[in-house]
Amino acid sequence: MKLMTKNMTILSLGICAVFALTACNDSNDDQSQNTPSTQPQDQRDQRFLNAKAGDILQVQIADLIPTQGAVGYDQIYYKLGRWQGDWNRQTWQADPTNQLSYLNKTIGKKFSDYCEAIGAKSRDDFSSMEQLKAANLKQLDSFGCAEQPATETADLKTVVVGYDGRLYLTDGHHTMTQLRELPDGGETLKVWVRVVDNYSSLKTADEFWTKMVANGRAWLRNGQNQSITYQQLPK
């Protein structure tokens, strides 16, 4: 009788162990089913990823990546020199009217050119020295354009959305370089651009640049007109 009781006790313990193990396995199965699968993170720039041809974007100059290896610095230096002007030029100081006219054609031209570049036409001349001195490219309301930015869409510089979601400048390298070099310009200056295509479906940089060159939207040449790779483009 004692032997039978002992055997039944062992059997009961074995059954309990089996049920306990089964319960543990069920718990693990439930936990694995409830754990969400990890999706690979999209590393592309999400800000412009869904932009399509014809869209207008307000960006900073720093957002624009060049697609040509060289620019004409004579043209850039000419514009930068003209935009400087000379507040203390003695030739005009004795004649305030002529002095203001001179400054409108130099420093004032900077604001007119900027207005045109952002699709806001030009602007009227400044009516006073005080008004001109208060103007700053980073404060659009300090000078004002003839129209609102991006009104004249045909005048806007153009971009392509790249394989990485970033914006590649296809027109306006001289203008953007000039504006970036100005004391009241720089990489944070706001500009408006027009999207001409979206190549974000391409998977690699090689595919992207091959298509850019084939479509005439990149110029992989240096200042000596020698072929370069896209890795050699200015950053």
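Taken together, the values in this text are just the output of simple stated rules run on the coordinates, not laboratory data. As the structure is a computational prediction, the values presented were derived from the model and not from experiment. All Cβ positions, glycine included, derive from the backbone under ideal geometry; neighbour counts span all protein chains shown.
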Subject >> Reachable lysines, given that their alpha-carbon falls under 26 Å from the alpha-carbon of Lys203 and they are not under 8 places away in the same chain >> reply: Lys52, Lys157, Lys211, Lys235
**OP:** Step through the residues of segment 139-154 one at a time and calculate ³J(HN,Hα) from phi using the Karplus curve (6.51 cos²θ - 1.76 cosθ + 1.60, θ = phi - 60°), rounding each to whole Hz and writing x for Gly and Pro.
**Re:** 10, 4, 6, 7, 9, x, 10, 5, 9, 6, x, 6, 5, 8, 5, 5
Original post:
Residues of segment 76-112 with amide nitrogen under 17 Å from the 7 Å Cα-to-Cβ point of Asp184?
Top reply: 80-88, 100-112
**OP:** For segment 33-112, evaluate the Debye formula with one uniform point scatterer on each Cα (no solvent term) and list log10 I(q)/I(0) at q = 0.12, 0.13, 0.16 Å⁻¹, rounded to two decimals.
**Re:** -0.68, -0.73, -0.87
**OP:** Compute the Cα gyration tensor for segment 56-232, then decide on rounded, prolate or oblate, letting a ≥ b ≥ c be the square roots of its eigenvalues: rounded whenever a/c is under 1.5, prolate when a/b is larger than b/c in the other cases, and oblate in all that remain.
**Re:** prolate
Subject >> 12 Å Cα-Cα reach of Lys109 towards aspartates and glutamates, excluding residues that sit fewer than 8 places from it in its own chain >> reply: Asp124, Asp125
Subject >> Mean Cβ neighbour count within 10 Å, used as a protection proxy, ranking 50-63, 156-169 highest first >> reply: 156-169, 50-63
**OP:** Provide the FRET efficiency to the nearest 0.05 for the Trp87-Ile65 pair, computing r from the beta carbons and using R0 = 35 Å.
**Re:** 0.45
Subject >> Extension reserve of the Asp155-Gln58 stretch, reckoned as 0.36 nm per residue once the Cα distance is removed >> reply: 33.5 nm
Original post:
Taking amide H positions as placed 1.01 Å from N in the peptide plane, with prolines and chain starts having none, which residues 5 or more places from Ile65, or on another chain, fall under 5 Å of its amide H?
Top reply: Leu167, Tyr168, Leu169
**OP:** Write down the percent of antiparallel bridges among all DSSP beta bridges whose residues are both part of segment 56-232, to the nearest 5.
**Re:** 55 percent
